[in-house]
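Engineer: One structure, as structure tokens, below. Some questions next.
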Amino acid sequence: MKYWKKLSENGIRTRIARALDQNVDYRNKTILGVPASHLDEKVFYGNAAFLKDAPFLSTMIHNPNHIGCHTLGESESFFAGTQEIEKELISLIAEDILNGSADGQDGYVASGVTEANIQAIWIYRNLFIKEYGANHDEICIIGSEDCHYSIPKAANLLNIKLISSKVDHNTRSVNKESFSKSIEEANSSGAKYFIVIANMMTTMFGSVDDVSMMSDVLKSQQIRYKIHVDGAYGGFVYPFSCKDNKLDFSNPEVSSITLDAHKMVQAPFGTGIFLCRKGLIDYVFTDEAAYVQGLDATLIGSRSGANAIAVWMILMSYGPHGWYEKIHILQFRTDWLCSHLEQKSIPFFRQPFSNQVSIESNYVSQELAEKYGLVPDTHDGKPNWYKIVVMEHVTVDVMAPFVEELEDNKKKLKGES
Ligand SMILES: Cc1ncc(COP(=O)(O)O)c(C=O)c1O
């Protein structure tokens, strides 16, 4: 591990205090041109004594703006201290977690993976237009029918086509026949350039796409493509639970990856991570952002530097071994749930390396689903599936009564009692 080392509370505090010292201090320096300041003192108590022991809150109060992408060279000098921590965070995730080459990736902390997925697709759309003279009708996004709704959102915003491939019933990942068929159909209706979405754990099932199959099919059809991995949900889980991960930067087929720290990492909302190989983000530079030092190659514009600090603090306080342990505890609890569902003959789907279990809705009454806060695959009519995500707060003690009630519920639904 080059960047990821467990730090003590004191080590974290000291590093962030140093970073804040390198940022502009609106109270002690004359700063006339920036349309921002520290947080409002009437509401946010900027001088409270406890702040010296609360690095995240202190950063919030200092209110650094991390506008732009800091892995590219020049950025706004006012916030250089905390930007440096964001840069380190991006390298840590890209290299230490996702096996990227040294300094081989760019990235930033986005508002969420909706934004980060749109950012990736925006880059590839522009690349196909700029490098091959493609027009919008010739560019097509392709992914499984279980892709997150941010993908159709991106297609709509960027004015390009979207094709959804059917998933295999048993694995819930896109299968070869339907993938090849979708490509042929798109091809015959004029699509020449493909933006491929490979899921590293889908929203509803935790399923993982077979990226090697996808790239083999595309190569065999001599098609131009770029592969983006949506690891919103799986990015901080799957690399730790599955030893044979083909969805990271060690696979030359993968061009970009997105992950959500506001899911499994329990960071504040506003912590989607966008990563791509060097040279790609350049396709979305907005040259008109001339007043921003270093220009802007992100979708979002202004964004809070405190978000990057929060993710960095969490990862550094666990360290790589602590994180591995955490994910394996969640795996253990998921195994426990699945073995009890099997004993009770309740059908469910679980991708073996995921901490998510989707139960067929015929075995769960709406009342039980509401009591235990299960999430349905649709709120429009009768759901097909209810999902359980085994998070930090979802312990075996919490799941045990649910499993008991599920058995009674099953009998009732079958009219046995
Ligand atoms: C697979 C997947 N992609 C993208 C997203 C969108 O993430 P966000 O809500 O952070 O925008 C989600 C959210 O659940 C997801 O599960």
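Engineer: Quick one: in region 75-94, which of the residues that are small (Gly, Ala, Ser) and crowded, with 23+ Cβ neighbours inside 10 Å is nearest to the chain's Cα centre (by Cα)?
Structural biologist: In this case the residue turns out to be Ala94.
Engineer: I'd like to know if region 106-117 contains one or more residues that are among the charged types (D, E, K, R), within 16 Å of the ligand (Cβ to nearest atom) and modelled with pLDDT of 95 or more.
Structural biologist: yes
Engineer: Also, quick follow-up: Starting from residues that are within 10 Å of the ligand (Cβ to nearest atom) and part of a strand (DSSP E or B), keep the ones in region 249-267 and report whichever is surrounded by the most Cβ atoms within 10 Å (Cβ to Cβ).
Structural biologist: Taking the candidates together, the pick is Leu259.
Engineer: Is it true that some residue in region 280-287 is at pLDDT 95 or above and within 17 Å of the chain's Cα centre (by Cα)?
Structural biologist: No.
Engineer: Of the residues Ile129, Ile160, which is surrounded by fewer than 18 Cβ atoms within 10 Å (Cβ to Cβ) and closer than 20 Å to Thr298 by Cα?
Structural biologist: Among Ile129, Ile160, only Ile129 is surrounded by fewer than 18 Cβ atoms within 10 Å (Cβ to Cβ) and closer than 20 Å to Thr298 by Cα.
A quick yes/no check of all residues on (1) over 21 Å from the mean Cα position of the chain (by Cα); (2) modelled with pLDDT under 95; (3) away from the ligand (no atom under 16 Å from the Cβ); (4) of a type in the set (Val, Ile, Thr):
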position: Val43; (1), (2), (3), (4): yes, yes, yes, yes
position: Leu51; (1), (2), (3), (4): yes, yes, yes, no
position: Pro55; (1), (2), (3), (4): yes, no, yes, no
position: Asp96; (1), (2), (3), (4): no, no, yes, no
position: Ser101; (1), (2), (3), (4): no, no, yes, no
position: Ile129; (1), (2), (3), (4): yes, no, yes, yes
position: Glu138; (1), (2), (3), (4): yes, no, yes, no
position: Cys147; (1), (2), (3), (4): no, no, no, no
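For every residue, the table says whether it meets (1) at pLDDT below 95; (2) under 20 Å from the mean Cα position of the chain (by Cα); (3) surrounded by 18 or more Cβ atoms within 10 Å (Cβ to Cβ).
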residue	(1), (2), (3)
Asn135	no, no, no
Ala155	no, yes, yes
Glu177	yes, no, no
Lys192	no, no, no
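Engineer: Of Gly143, Gly206, which residue is assigned to a loop (DSSP other than H, G, I, E, B), within 16 Å of the ligand (Cβ to nearest atom) and either over 22 Å from Leu127 (Cβ atoms) or touching a strand residue (DSSP E or B) at 6+ places or on another chain (Cβ under 6 Å) (or both)?
Structural biologist: Result: Gly206 is the single residue among Gly143, Gly206 that is assigned to a loop (DSSP other than H, G, I, E, B), within 16 Å of the ligand (Cβ to nearest atom) and either over 22 Å from Leu127 (Cβ atoms) or touching a strand residue (DSSP E or B) at 6+ places or on another chain (Cβ under 6 Å) (or both).
Engineer: Considering each of Gly270, Gly294 in turn, give the residue that is within 16 Å of the ligand (Cβ to nearest atom) and at positive phi.
Structural biologist: When all the criteria are applied, what remains is Gly270.
Engineer: What number of residues within region 46-74 satisfy the criterion of being buried (at least 20 other Cβ atoms within 10 Å of the Cβ) and among the aromatic types (Phe, Trp, Tyr)?
Structural biologist: Total satisfying the criteria: 0.
The values are calculated or read from the model by the stated rules, or taken from the named source; none is laboratory data. All of these numbers come straight from a predicted model, not from anything done at the bench. Note that we place each Cβ from the backbone using ideal geometry, even for glycine, and neighbour counts take in every protein chain shown.
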